[in-house]
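What follows is a set of notes on a single structure, which appears directly below.
The values are calculated or read from the model by the stated rules, or taken from the named source; none is laboratory data. Since the model is a prediction, treat every value here as computed from it, not as a measurement. Here the Cβ is made from the backbone with ideal geometry for all residues, glycine too, and neighbour counts use every protein chain on show.
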């Protein structure tokens with residue numbers, strides 16, 4: 001914190017000094033400067049901020065990795081084989097180390113005394129509990145050693161980090177000040193600096209995506225080490241068992257992807273006609289006043305959290321459908337036994353997707369040039385003939401793109417399915433039966449007591465990865481179609 | 001009076017509060033080319049769009065006065081604007097072929113109005129219209145290629161073919177050559193001259209040479225008023241109104 005404060009203060013000083021130095025080099029005459037005087041200040045501030053901030057970020061990322069590696073080397077392979085994975089042990093140690101920090105802060109034990117602590121003579125678990133840090137089990141000597149090493153390493157690391165960042169900031173300050181002169185092209189340099197800042201922002205977003213994909217990939221590989229891939233992709237039964245380890249579970253992917261596709265298709269059957277028709281009405285028929293009210297109203301639908309849709313499915317739509325299709329219901333058929341069914345989740349998800357389809361289609365229909373409409377009206381076509389034969393064909397690629405985007409949202413949707421569709425993974429054709437989807441199963445596999453190293457939990461990563469690839473393909477395809485369409489009129 | 005194809009009496013057009021067309025009286029004869037000239041914003045396009053009620057699609061636009069087509073008021077409530085537009089075709093400033101094949105572009109109108117009983121008749125209409133629009137030789141081998149793939153001049157001739165395929169009685173052209181190069185312009189002008197054999201043509205143009213070349217009658221609009229309407233020769237050689245004279249000699253507009 002102190003480091004950041006100092007760097008920012010240096011920036012502010014640098015800005016003022018840079019401005020002043022530039023002015024004095026031109027003997028106070030602004031017109032003799034190459035750039036406006038503010039640019040010289042900004043140049044100095046940026047020269048201080050950008051390198052030191054970059055160093056800080058890199059250091060913050062690298063330090064824990066290096067420390068983990070060094071601490072992990074304390075453990076023999078034997079320990080790892082017996083106990084849980086090394087990441088769990090390191091997590092334990094880190095918690096102990098943080099606990100020791102708190103102990104020192106509260107003055108219970110002096111900093112020097114920590115070094116001589118050993119697990120035999122002191123009950124570290126109790127000591128930590130006194131300051132409100134709970135540790136899962138008794139602390140072994142090994143963990144304590146690790147924790148001490150972790151503490152000392154991060155302490156020195158933090159110290160040198162501050163020094164290095166400040167040194168770099170000062171170096172930037174001196175370098176920029178020396179360059180400041182009335183002929184120096186500060187404006188161009190600042191322009192470059194702005195470019196680098198913006199580029200950095202874009203890179204963060206891209207790198208995060210890469211990070212997400214990588215973390216999924218590694219966990220997926222771990223899962224396939226423990227569970228045969230063929231059984232996962234082609235298994236028709238989904239029956240995870242949490243009692244034993246491995247072996248007993250059937251983790252077939254097919255019933256889940258079947259449920260996902262089935263529910264998504266139901267939702268699209270609901271959403272596409274309704275969304276498309278409302279888009280046509282709004283863009284072609286509605287008066288400005290109706291449009292001004294109706295369009296925001298539709299878009300409010302898009303702002304409702306999906307969990308609320310889930311409640312709607314569970315409490316309203318499900319019972320309503322049962323009273324229509326269930327035993328003694330309105331239609332006198334006994335097709336539906338419980339409120340949670342594929343059709344419940346599908347229809348509610350369809351309602352959720354209506355604004356998605358309609359507002360995208362509305363934009364696309366509006367993008368069809370007025371000249372097309374004029375041309376058609378000028379030939380004596382009616383409004384609906386014009387829409388059917390000229391506007392929709394012209395907008396079709398874009399509308400298909402909108403539908404594909406909606407489909408990829410339907411596939412990724414979770415909460416509505418958890419609440420509305422039930423939990424039974426079945427390969428059924430009957431829409432009135434409970435079904436479940438990939439996303440709902442990811443939730444149920446990870447929100448249990450299961451450890452993160454059994455196939456029953458790690459399957460969640462394989463499911464997530466597969467889902468990610470499916471929606472990615474759909475999105476890429478949809479964007480390709482939408483873009484191809486855009487080029488047509490530009 | 002009924003010898004005229006279209007006769008407009010005391011036409012007023014308002015866009016909201018803006019009085020865009022004031023007291024316009026024009027009589028358009030059958031089988032002639034009538035040109036509307038005048039500076040930008042003088043209302044000539046607006047007036048043209050009144051003749052087939054294209055202004056209906058604009059909410060704030062209001063038309064008063066009588067416009068008679070074959071002696072019948074086209075703003076009468078009993079007149080169906082859709083039927084009217086089949087009789088009074090229109091070609092726009094910018095070529096606007098539909099994103100369909102060349103064939104389907106031309107067949108669009110006949111299909112909507114049921115002008116062809118079968119595929120053979122439809123083929124005939126398409127061929128005839130394309131021939132009339134002087135596009136047949138260029139397009140006959142690629143009838144099923146998209147109309148948007150043609151060049152600008154070809155696209156405009158396609159739009160003309162599309163308009164004549166519905167067998168209109170009047171063809172309205174709103175600056176049909178403003179987006180075309182001189183060669184394509186010459187082709188379209190030649191075409192207009194031929195179309196005069198079959199029906200009357202009303203053309204809005206910014207080019208006075210074009211008006212002089214293709215039209216028999218010329219109307220000069222200025223600030224929403226019809227200033228002068230007479231034989232083209234007379235307008236260009238011996239105009240009565242001083243405003244017409246100064247526009248033609250390039251002093252206003």
*Restricting to the stretch A:366-385, what's the tally of residues that are surrounded by fewer than 22 Cβ atoms within 10 Å (Cβ to Cβ) and part of a helix (DSSP H, G or I)?*
10
*Would you be able to tell me the number of residues in the stretch B:127-146 that are within 14 Å of chain A (Cβ to nearest Cβ) and either closer than 10 Å to residue B:102 by Cα or in contact with a strand residue (DSSP E or B) (Cβ under 6 Å, 6 or more places away or on another chain) (or both)?*
1
*Does residue A:297 count as at pLDDT 90 or above and assigned to a helix (DSSP H, G or I)?*
no
_Considering only the stretch A:38-51, I want to know if a residue exists there that is surrounded by fewer than 17 Cβ atoms within 10 Å (Cβ to Cβ) and without any contact (Cβ under 8 Å) to a residue 24 or more places away in the chain._
yes
*Quick check: is even one residue across the stretch B:93-106 within 12 Å of another protein chain (Cβ to nearest Cβ) and in a strand (DSSP E or B)?*
yes
*residue A:320 being out of contact with any helix residue (DSSP H, G or I) (no Cβ under 6 Å at 6 or more places or on another chain) and part of a helix (DSSP H, G or I)*: yes
*Could you figure out which of (1) within 14 Å of chain A (Cβ to nearest Cβ); (2) part of a loop (DSSP other than H, G, I, E, B); (3) within 21 Å of residue B:87 (Cβ to Cβ) isn't true of residue B:55?*
(2)
_Odd one out for residue B:67 among (1) more than 12 Å from chain A (Cβ to nearest Cβ); (2) closer than 28 Å to residue B:247 by Cα; (3) at pLDDT below 90_ = (3)
*Within the stretch B:107-124, work out how many residues are part of a helix (DSSP H, G or I) and away from chain A (no Cβ under 13 Å).*
6
*asked:* Here is a list: A:443, A:417, A:459. Which entry is touching a strand residue (DSSP E or B) at 6+ places or on another chain (Cβ under 7 Å), part of a helix (DSSP H, G or I) and either free of Cβ contacts under 8 Å to residues at least 24 places away in the same chain or on the phi < 0 side of the Ramachandran plot (or both)?
replied: A:459
*Quickly run through the stretch A:250-275 and pick out the residues that are outside any helix (DSSP H, G or I) and within 27 Å of the chain's Cα centre (by Cα).*
A:251, A:252, A:253
*Residues that are more than 8 Å from chain A (Cβ to nearest Cβ) and under 18 Å from residue B:11 (Cβ atoms), drawn from the stretch B:73-92*: B:73, B:74, B:75, B:76, B:77, B:79, B:81, B:88
*Is at least one residue of the stretch A:392-407 in contact with a strand residue (DSSP E or B) (Cβ under 8 Å, 6 or more places away or on another chain), away from chain B (no Cβ under 14 Å), in contact (Cβ under 8 Å) with a residue 12 or more places away in the chain and part of a helix (DSSP H, G or I)?*
no
